[in-house]
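A.B. asks: Right, I'll just put the structure down here and ask away after.
The values are calculated or read from the model by the stated rules, or taken from the named source; none is laboratory data. Being a predicted model, the structure only gives us computed values, none of them experimental. Please note: Cβ atoms are built from the backbone with ideal geometry, for glycine as well, and neighbour counts cover all protein chains shown. Quick note on the areas: whole protein, heavy atoms, side chains included, nothing else; ligands and nucleic acids left out. Shrake-Rupley method; radii C 1.70, N 1.55, O 1.52, S 1.80 Å.
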Amino acid sequence: MESTRVDRWLWAVRLTKTRSDAAAACRGGHVRVNDRPAKPATGVHPGDTVRARVHDRTRIVEVVRVIEKRVGAPDAATCYIDRTPAPPPEALTPVARRERGAGRPTKRDRRLLDRLRSQGW
């Protein structure tokens, strides 16, 4: 087997939960094969780069092996090389937040906030 549909491959290697989710992502423009927009029937071959936006996260994978049937997670992980960059680190500085609906800050709260801002937080 040299190629298969991109929606079927995304489902088989467990990047999407269902094949219909993969097809919907393709129709919505969230899947690209070799930097070209992909329809659900677009073919994928070994060596292709697939960029898929799944669950608010962009995954960039290189196709190593083409499969059509869904397999277990350890076997599915051998079918692609994950080239997704690491997520940016979270902000290390704490952000002063107030409860929603808490109203205006009291004088004491305002002084604490001013003290935090003057320390460079």
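A.B. asks: Residue under question is A41, and the condition is that it be aliphatic (A, V, I, L, M), open to solvent by 20 Å² or more (accessible area, probe 1.4 Å) and within 30 Å of S118 (Cα to Cα); does it hold?
C.D. replies: no
A.B. asks: Please determine whether any residue of the stretch 2-16 is open to solvent by 60 Å² or more (accessible area, probe 1.4 Å), among the acidic types (D, E) and closer than 24 Å to P85 by Cβ.
C.D. replies: Checked the stretch 2-16: no residue is open to solvent by 60 Å² or more (accessible area, probe 1.4 Å), among the acidic types (D, E) and closer than 24 Å to P85 by Cβ.
A.B. asks: Read through the list (1) touching a helix residue (DSSP H, G or I) at 6+ places or on another chain (Cβ under 7 Å); (2) β-branched (V, I, T); (3) without any contact (Cβ under 8 Å) to a residue 60 or more places away in the chain, then give the number of the only condition that T78 fails.
C.D. replies: (1)
A.B. asks: Between a first residue in the stretch 14-39 that is within 14 Å of T4 (Cβ to Cβ) and a second residue that is open to solvent by 50 Å² or more (accessible area, probe 1.4 Å) and hydroxyl-bearing (S, T, Y), which pairs have beta carbons less than 8 Å apart while being 6 or more apart in sequence or on different chains?
C.D. replies: Listed pairs, sorted by first residue: V33/T49.
A.B. asks: Now for a separate question. Return the total of residues in the stretch 65-94 being under 19 Å from A22 (Cα atoms) and open to solvent by less than 90 Å² (accessible area, probe 1.4 Å).
C.D. replies: Qualifying residue count for the region: 14.
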